[in-house]
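What follows is calculated from the coordinates using simple rules that are stated; it is not laboratory data. Quantities reported herein were computed from a predicted structural model and do not represent experimental measurements. Heads up, the Cβs are rebuilt from the backbone with ideal geometry, glycines too, and the neighbour counts pull from every protein chain shown.
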Amino acid sequence: MKLLRSELAGGIQHKLFDIPTDSPVLDGLNFYKDSIRCEITSEPIPDGFKLIGIISIPFIEICDRCLEDYRRACNAEFELWLTANDQLISATEADIIWFPYTMEEIDLNPVFHDLVALEEPMKKLCKEDCQGLCPHCGINKNKHTCTCETRQGANPWGALEKLIR
């Protein structure tokens, strides 16, 4: 998604953008809609512009416990500063982007890729109480019950404990 300096200078108020989910910028992620909706508002600041917005992300995830696909909608708010003041730019400030006066437009696709990637959870669960798969027969315990017997108190790490004694 590219923004023109002239458009930013005039101020943007709740402008909607659609970022195609088949964009190379979003490779490796799965979505249940054709686009990610982004709403941006901008205002001039000294030596640049301040962007405030929200992106609505329609993820398709794979549950870590039962391996089933599920849909997860996520809204991520963001604030970015586009500035020509090189004293504000540092490696630790990811929300400040270099935008010198010589540039007439800025491509925010890499920024949005990072915002989307940061919304991916470490542990993906279709629901909090997901039962997962049976460790013996592999059946999805959310959909079916199995007759496998699970030994209570069985310690899968027992053999390793013998090694340290």
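Extending 7 Å from Cα along the Cβ direction at K15 and again at E77 yields two label points whose distance is 2.2 nm. Note on Y70, Y32: ascending count of other Cβ atoms within 10 Å places them as Y32, Y70, the fewest first.
Using +1 at the C-beta of Lys and Arg and -1 at the C-beta of Asp and Glu, which of L82, Q131, I12 has the Cα lying farthest in the positive direction of the dipole of the chain? My answer, from the dipole projection, is Q131. Over all Cα atoms in region 2-130, the spread is summed up by Rg and Dmax: 16.8, 54 Å. Per-residue packing, averaged as other Cβ atoms within 10 Å, sorts the ranges 126-139, 71-84 into the order 71-84, 126-139, beginning with the highest.
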